[in-house]
Amino acid sequence: MSRDSALVHTFREVWAELSGIGRAPDGGYLRFAWSPAEIALRDWFKAAAAARGMPVTHDGNGNLFATWSGNGRSGGVLTGSHFDSVPHGGAFDGPLGIVSAFLAVDLLRERGFRPARPITVAAFAEEEGSRFGVACLGSRLLTGAIDPSRAASLTDRDGLSLGDVFGAAPAGARPDLVAGFDAYIELHVEQGRALTTPVGVASAIWPHGRWRFDVEGEGNHAGTTLMSDRRDPMLTYAFTVLAANKEARLRDAHATVGRVEVTPNATNAIPAAVRGWLDARAADGATLDELVEAVAKKATERAGRDGTAIRFTAESTTPEVRFDEGLAGRLAALLGDVPILPTGAGHDAGVLSAHLPTAMLFVRNPTGVSHAPTEAATDDDCAAGIEALARVLEELSAR
Ligand code: HGY
Ligand code: MN
Ligand code: MN
Ligand code: MN
């Protein structure tokens, strides 16, 4: 028998309101920050808040907030996630945390609960960094973790800057807002296969980052240039990808090169330049640093042999996040001793945790896949997540 089928039914209904927005033919999602699809999701957020009598505010950084005020007091609990996706990402990564937050508010209201302190639902901007290249851009701006003028100058693949999209520089740090919250709770679909129960609690986020590497060589004709006369940056690029894979395996770390730009990108022209991005992650900071250094060293040596030049640029790095142990343990116990587990995925919770007691709830993902169309979560487990989030919000806003 499915869990509280009324809740499962409600979840299914609400989830269906979003599932067509930004969906690509392969079932993945194209929901880039401030794209028509993500703006439609922002509109959904505003309508969902209005339907619940929750006033919506924004922080001048693209983040939205909807508040269920508790007896006029300030502060309270912040909960939410993000709407944006990676290209062809899954349905759940981000939106599940926002939808669950509104449905948890509904559940608490149905049960006659009235918060002593406000409960605020947040939608953070550009968490994936899919458009402007810096992950958790909205929460980094809110907390002052990125300079607003640097953020404003970030450009997307069409050369449009964040400043162009905003029409002004983002507001930047809003300590007035952040200090007003007592805790941040982010519910998120699990991105892996470690969770064997419907819900779990996060212990930590692996340190991780993204490094752009630019390889300069010599463009030339594919047919008339002798192999011995070439300074082919594609060779250096390919070697770098293989070196990253090897060095990561040696350290039980994770290295991915999922994006490449080739100039001039023509079948019959030796590239003049190749630009790649290394996404590297490890269980601790020292291993991550060692991994990136090893890859850069081997790639530079290879460039010397290829007659090319390679340059690494750190685009966004996130130190290890160890969530508030007391809060994680308290929530895990509250939820019936659910597992507490680390994740290799970055989250706005990682950014907020430097400023607020922060915890994450994970909802089981039977495929374990994320950042791809086959990301999944069952309706029952999503309902379990909503129940769990409601319990946590009640616990943290009751007095
Ligand atoms: O890349 C990440 O780990 C997160 O999903 N932004
Ligand atoms: Mn993601
Ligand atoms: Mn996410
Ligand atoms: Mn996140």
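The values are calculated or read from the model by the stated rules, or taken from the named source; none is laboratory data. Keep in mind that what you see is a predicted model, and the values were worked out from it rather than measured. Cβ atoms come from the backbone with ideal geometry, glycine included; neighbour counts cover every protein chain shown. Ligands, DNA and RNA are excluded from the accessible area calculation, which covers all protein heavy atoms including side chains. Shrake-Rupley method; radii C 1.70, N 1.55, O 1.52, S 1.80 Å.
Being under 21 Å from THR317 (Cα atoms), open to solvent by 20 Å² or more (accessible area, probe 1.4 Å) and under 19 Å from the mean Cα position of the chain (by Cα) is a condition met by at least one residue of the stretch 176-191.
The single residue among VAL99, VAL86, VAL121 that is more than 27 Å from ALA169 (Cα to Cα) and either open to solvent by 50 Å² or more (accessible area, probe 1.4 Å) or under 18 Å from the mean Cα position of the chain (by Cα) (or both) turns out to be VAL99.
Elements of the type strands (runs of 3 or more DSSP E) sitting completely within the stretch 174-228 and holding at least 1 residues that are over 30 Å from VAL262 (Cα atoms) and charged (D, E, K, R): these cover 183-189.
Looking only at residues of the stretch 322-379 that are among the hydrophobic types (A, V, I, L, M, F, W, C) and in contact with a Cys (Cβ under 8 Å, 6 or more places away or on another chain), we find that the one that is farthest from ligand 1 (Cβ to nearest atom) is VAL363. Considering only residues in the stretch 209-229 that are over 22 Å from GLY276 (Cβ atoms), touching a residue at least 24 places away in the same chain (Cβ under 8 Å) and not polar (S, T, N, Q), the one that is least open to solvent (accessible area, probe 1.4 Å) turns out to be GLY223. The single residue among ARG109, ARG150, ARG140 that is within 16 Å of ligand 4 (Cβ to nearest atom), in a helix (DSSP H, G or I) and not polar (S, T, N, Q) turns out to be ARG140.
Considering the stretch 301-329, and only residues there that are of a type in the set (Lys, Arg) and in contact (Cβ under 8 Å) with a residue 60 or more places away in the chain, the residue that is nearest to SER228 (Cα to Cα) turns out to be ARG302. The condition (being open to solvent by less than 10 Å² (accessible area, probe 1.4 Å), under 24 Å from ALA376 (Cα atoms) and either out of contact with any helix residue (DSSP H, G or I) (no Cβ under 9 Å at 6 or more places or on another chain) or small (Gly, Ala, Ser) (or both)) is satisfied by just one residue among ALA244, ALA204: ALA204.
Selection of the stretch 247-258 for residues being assigned to a loop (DSSP other than H, G, I, E, B) and surrounded by 14 or more Cβ atoms within 10 Å (Cβ to Cβ) yields ARG251, ALA253, VAL257.
Of the listed requirements (1) open to solvent by 60 Å² or more (accessible area, probe 1.4 Å); (2) outside any loop (DSSP other than H, G, I, E, B); (3) in the same structural domain as ILE340 (by TED's automatic domain parsing); (4) in contact with a Pro (Cβ under 6 Å, 6 or more places away or on another chain), MET234 misses just one: (3). For the stretch 301-324, which residues satisfy the criterion of being modelled with pLDDT of 95 or more and out of contact with any strand residue (DSSP E or B) (no Cβ under 6 Å at 6 or more places or on another chain)? GLU301, ARG302, GLY304, ARG305, ASP306, GLY307, GLU320, listed by residue number. As a summary of the residue check, GLY80 satisfies the conditions (1) within 16 Å of ligand 1 (Cβ to nearest atom); (2) of a type in the set (Gly, Ala, Ser); (3) surrounded by fewer than 23 Cβ atoms within 10 Å (Cβ to Cβ) except for the one numbered (3). Taking the stretch 272-356 and the helices (runs of 4 or more DSSP H) fully enclosed by it, the elements with 2 or more residues that are surrounded by fewer than 21 Cβ atoms within 10 Å (Cβ to Cβ) are at 285-306, 325-334.
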